[in-house]
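A.B. asks: This is the structure, below, for whatever I ask next.
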Amino acid sequence: MNTTSAPASGHDVARRTLPDAPFLAAATGRTPSRRPVWFMRQAGRSLPEYRKLREGTSMLASCFDPEMVCEITMQPVRRHGVDAAILFSDIVVPLKAAGIDLEIVAGTGPVVAEPVRSVADVRALPALSPDQVRPVADAIGLLLTALGDTPLIGFAGAPFTLASYLVEGGPSRNHERTKALMHSDPETWHALLGSLADTTITFLTAQLDAGVDAVQLFDSWAGALSLAEYREFVLPHSTRVFDAVAAAGVPRIHFGVGTGELLGAMGEAGADVVGVDWRIPLDVAATRVGPGKGLQGNLDPAVLFAGPDAVRRQVERIVGEADRALAAGATGHIFNLGHGVLPATDPDVVTSVVELVHSL
């Protein structure tokens, strides 16, 4: 494993070079030695070792404990043999670090004490400084040693998804307050997303400066939007985030749920790889994203409950669709789920999928 210097946030960072890592090969348009596979939410509630480690520690507290972050991030790499680790964190970590009063409530998700509903609320949002996410950077330092030749993916929530949590005060089915603000007061909306883009850039840059090998931007709730809404109210801010981290020279992945109608626009935001949920076949997604980008996905997480024969059929189907996508101009395929591992998933099934993908 070698290191090289890549610019991020205006200074050189010692970054690992992992020329034989299948994940990085597929993400950068090279031919991987095998089809790479990792899973969103591969670290977490599906693993008994995670549940044991987390006993008595809140979700957010665990995200600011470097040793715990390192161990949780490593658990699925050890157990499943995946081709990439993703930093154990949460998309609201930078908001919490900046001083916003929020908690992750079990069974609900992030809950914000004082929702953002006015121009005054937007102006009062605190800026994030790199020092406030130092524990995350420290965890990355531990992981780069522990992971050996396995790449580490850093991540952040996209401005729209963070805005939805702040405006709604928590998770929302219909995003009615978010859309109301967007349409009734575009000036305040863009000010809010501009502020959140700054936060996201600071958080991703801190991870890049610490040495992550790739980054993923999660726009989890973007699928609630029409294409016209996405282009007007979201795309400029996500584009600014991707532009800001481009100089680091690492692969950039973009993912949202229910975003089949938005895939082309999401690709335009600047990612090198576009994540696809399970609703859209990868070969169809390739035509929507257009040539010149990699694809990631897209097994339905619920299929992992269907038994080995069904899992094999679905994995083989997705690999076939991915191969057609590659023939149509996609630059690579990274096998993943179409969303995160569900909490009740049998870890042994996840391991078997990794072995199956590697064998195909």
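The values are calculated or read from the model by the stated rules, or taken from the named source; none is laboratory data. None of these values were measured; they are calculated from a predicted model. For neighbour counting, all protein chains shown are included, and Cβ atoms are generated from backbone atoms with ideal geometry for every residue, glycine included. These area figures cover heavy atoms from the full protein model, side chains too; ligands, DNA and RNA do not enter into them. Shrake-Rupley method; radii C 1.70, N 1.55, O 1.52, S 1.80 Å.
A.B. asks: Report the dimensions of the stretch 1-159 along its three principal axes from the alpha-carbon atoms, largest first, rounded to Å.
C.D. replies: Between the extreme Cα coordinates on each principal axis of the stretch 1-159 lie 52, 41, 25 Å.
A.B. asks: Counting only C-alpha contacts under 8 Å and six or more residues apart, can you give the relative contact order of the stretch 163-215 as a whole percent? Before the final figure, lay out each step's value.
C.D. replies: On the way: 22 pairs, mean separation 11.8, N = 53.
In percent, rounded to a whole number, it is 22.
A.B. asks: If you don't mind, there's one more thing I want to ask. So what are the ³J(HN,Hα) numbers for the stretch 170-185, from phi and the Karplus equation (6.51, -1.76, 1.60; θ = phi - 60°), rounded to whole Hz, Gly and Pro as x?
C.D. replies: After applying 6.51 cos²θ - 1.76 cosθ + 1.60, I find x, x, 9, 7, 10, 6, 5, 5, 4, 5, 5, 5, 4, 7, 7, 9 Hz.
A.B. asks: Right, something else. Taking amide H positions as placed 1.01 Å from N in the peptide plane, with prolines and chain starts having none, which residues 5 or more places from residue 82, or on another chain, fall under 5 Å of its amide H?
C.D. replies: Amide H neighbours of residue 82, under 5 Å, 5+ apart: none.
A.B. asks: Helix-only estimate, please: 222 nm mean residue ellipticity of the chain, summing -39500 (n - 2.57) across DSSP H runs of length 4 or more and dividing by its residues, to the nearest 500. All intermediate terms of the calculation are to be shown ahead of the outcome.
C.D. replies: Numbers: 16 runs with 166 residues, N = 360.
Result for the chain, helices only: -13500 deg cm²/dmol.
A.B. asks: With the contact rule set at Cα under 8 Å and sequence spacing of 6 or more, what percent relative contact order holds for the stretch 156-244?
C.D. replies: Working: 80 pairs, mean separation 40.5, N = 89.
About 46 percent, as a whole number.
A.B. asks: Using the Cα centre as the reference, give the magnitude of the dipole from point charges on the C-beta atoms of the stretch 82-142 (Lys, Arg: +1; Asp, Glu: -1; all else neutral), rounded to the nearest 20 debye. List each step's numbers first, then the result.
C.D. replies: Working: 4 positive and 8 negative charges, 35 e Å.
The dipole magnitude comes to about 160 debye.
A.B. asks: I need to check one value: relative contact order of the stretch 20-133, counting alpha carbon pairs closer than 8 Å and at least 6 residues apart, in percent.
C.D. replies: Contact order relative to length: 20 percent.
A.B. asks: Separate question: Over the Cα atoms of the stretch 119-273, how large are the radius of gyration and the largest Cα-Cα distance (Dmax), in Å?
C.D. replies: Cα radius of gyration and Dmax of the stretch 119-273 are 15.8, 51 Å respectively.
A.B. asks: Please list, or write none, the aspartates and glutamates whose alpha carbon is within less than 20 Å of the alpha carbon of residue 96, excluding same-chain residues fewer than 8 places away.
C.D. replies: 65, 67, 114, 121, 131, 138, 168, 198, 219
A.B. asks: Among bridges DSSP assigns within the chain, what percent are antiparallel (round to 5)? Each step should come with its number before you reach the end.
C.D. replies: Values: 11 of 33 bridges.
Just about 35 percent of them are antiparallel.
A.B. asks: Give a residue-ordered list of calculated ³J(HN,Hα) values for the stretch 115-124 (Karplus: 6.51 cos²θ - 1.76 cosθ + 1.60, θ = phi - 60°; whole Hz; x for Gly, Pro).
C.D. replies: x, 8, 10, 9, 5, 5, 4, 5, 5, 7
A.B. asks: When a/c is below 1.5 the answer is rounded, else prolate if a/b is larger than b/c, else oblate, so apply that to the chain with a ≥ b ≥ c taken from the square roots of the Cα gyration tensor eigenvalues.
C.D. replies: Details: a/c = 1.38, a/b = 1.24, b/c = 1.11.
Since a/c stays below 1.5, the shape of the chain is classed as rounded.
A.B. asks: Something else: Calculate the length of the line joining the C-alpha centroid of the stretch 325-351 to that of the stretch 186-214, in whole Å.
C.D. replies: 26 Å
A.B. asks: Would you mind telling me the antiparallel percentage of the DSSP bridges in the stretch 89-234, rounded to 5?
C.D. replies: Values: 4 of 9 bridges.
That works out to approximately 45 percent antiparallel.
A.B. asks: Which value, in Å² and to the nearest 10, is the accessible area of residue 232 when all protein chains are kept and the probe is 1.4 Å?
C.D. replies: Only protein atoms counted, so the area is about 110 Å².
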